[in-house]
1. What ranking, highest mean first, results for peptides 57-67, 323-333, 340-350 when packing means the other Cβ atoms within 10 Å averaged over each residue?
2. Which three semi-axes in whole Å describe the equivalent ellipsoid of segment 1-160, each the square root of 5 times a Cα gyration tensor eigenvalue, listed largest first?
3. A 31 angstrom limit on the alpha carbon distance is what I want to check against. Which of K14/K72; K146/K169; K88/K333; K340/K446 exceed it?
4. Could you sort 418-431, 123-136 so that the peptide with the highest average Cβ count within 10 Å comes first and the rest follow in order?
5. Sum up the charges of everything whose Cβ sits under 14 Å from the Cβ of S346, counting Lys and Arg as +1 and Asp and Glu as -1, but leave S346 out.
Amino acid sequence: MVVLAASVLAKSGKPIVSRQYVDMSRIRIEGLLAAFPKLVGTGKQHTYVETENVRYVYQPMEGLYVLLVTNKQSNILEDLETLRLVSKLVPEFCQGLLEEEAVSMSAFDLIFAFDEVISLGHKENTTVLQVKQNCEMESHEEKLHKMIIQSKINDTKDIMKKKAIEIDKVKFENRKVTSAHVPVFAPVERPLPIDTISKPSLGVRPEPVVSKPSTPSSRGPSKGMQLGKAKKANEFLESLAKEGEAVEVEAPRPAAGPAGGAALGGGLAPAARAATEPCTIDIDEKLSVHLNKEGGLENLEVQGTMSLVVNNDEDAFVRVAINSGPNRGFQFKTHPNIDKAAYSSSNMLGLKDPSRPFPTGSELGILKWRYRARTQHRVDGDWKFDSRRGVLVWTIELIDETNRSGSMEFVVPAADSDSFYPVEVSFGTNKTMCDINVDSVIHTMKDTPIKFSSKRQLVTSDYTVT
């Protein structure tokens with residue numbers, strides 16, 4: 001028996017994997033494999049086909065053919081035994097998926113497995129279990145090489161940390177030395193005015209020590225100009241805030257000196273205010289949409305998470321009362337440690353064991369939801385062409401009930417329509433698609449409500465038109 005080649009073909013005759021065990025050119029093996037689909041008849045029970053020079057021994061497997069090409073002098077019984085063993089190896093190394101893509105992904109694994117079964121055209125006395133053990137055999141040299149590389153990486157990281165600490169120490173020492181040698185009155189760095197030089201009063205030399213250039217008052221005009229620019233930049237966001245939209249307006253930077261200290265003490269950032277509450281609850285959603293060229297929706301997916309952060313140990317024994325709308329098509333899933341029965345019956349999110357506290361200072365996703373749809377929807381502003389990225393950027397500042405749709409028309413020379421795709425869309429809003437709200441947070445031991453802060457947002461993770 002001499003096996004010339006072991007191959008896996010699609011039902012259409014397309015070769016996916018082929019391993020040759022005798023010297024033959026690529027043109028010859030391609031010719032042999034191309035002739036096989038023409039020789040296979042329909043409705044026959046035979047598993048082999050003969051030509052003038054070779055014999056094809058094959059086995060259909062769903063949408064595939066497992067094929068052995070042998071010479072006509074080989075033993076047909078041994079060929080069939082080899083074919084059965086090779087046919088068992090294909091699903092083993094393709095994770096049970098008898099598809100063209102799965103075979104292509106596991107092509108090299110299959111070639112190594114075929115080599116364990118067939119050697120120089122002859123069948124080896126082996127089994128499927130032995131083939132899997134031989135293919136999965138670990139190499140001591142490989143392990144040692146990986147350990148050496150990982151050790152070098154760890155040593156490099158340690159050296160980087162030490163260097164970073166040394167640099168920080170040098171910067172700190174330089175800062176201390178600089179602050180210790182700063183004089184109370186610094187000489188003027190810029191030249192004195194002409195009047196002062198040409199007209200000294202009574203021959204008295206002007207005092208060179210003037211501290212005004214180094215005081216914050218001398219830099220007042222430049223600061224005022226910067227604040228004016230920031231105010232103009234935030235006019236649009238402030239107008240949105242007056243209309244009831246939830247936007248974050250960048251606060252002006254505090255001035256230096258005592259006035260700056262008062263400005264810092266006057267207001268806290270939203271994140272700092274949120275941390276002062278015993279509990280913080282965030283509702284986040286990510287939207288993923290794929291549209292086709294005609295505007296039809298191919299896929300829409302929403303993934304949402306409600307996260308709880310407990311900021312102190314005293315208020316770690318809590319349960320969250322929520323309310324939600326119909327939310328048709330949404331699938332909800334609680335954290336494994338959350339009491340599902342209480343959630344299903346009374347919309348209460350709490351631990352299965354009320355005597356156990358929530359972790360403090362870490363974010364915990366207590367509820368998740370998902371929505372998928374394939375319904376179809378169709379959605380003027382500013383535009384610019386980014387030559388560096390080669391994209392056309394179309395921007396609509398506000399989308400609401402009064403501005404629900406937009407269109408864009410342009411004329412270009414004759415070109416392929418595919419060159420205008422894909423189109424990427426990104427936006428954000430403080431309204432989520434899932435109708436869910438937090439009513440209260442209750443202390444499980446005291447059975448009293450506690451204060452909490454909450455925020456919600458919806459952002460796009462992948463919104464493309466292809």
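Values in this text are rule-based calculations from the coordinates and carry no lab data. Source: prediction; values computed, not measured. With ideal geometry, Cβ positions are generated from the backbone for all residues, glycine too; neighbour counts draw on all protein chains shown.
1. Details: 57-67: 17.8, 323-333: 11.6, 340-350: 14.8.
By packing density, highest mean first, the sequence is 57-67, 340-350, 323-333.
2. On the way: eigenvalues 277, 57, 44 Å².
The three semi-axes for segment 1-160 are 37, 17, 15 Å.
3. Details: K14/K72 24 Å; K146/K169 35 Å; K88/K333 40 Å; K340/K446 22 Å.
In this structure, K146/K169; K88/K333 lie more than 31 Å apart at Cα.
4. Working: 418-431: 11.4, 123-136: 13.3.
My ranking of the peptides, most packed first, is 123-136, 418-431.
5. Numbers: positive: R319, K340; negative: D339, D439.
Taking every other residue near S346 into account, the sum is 0.
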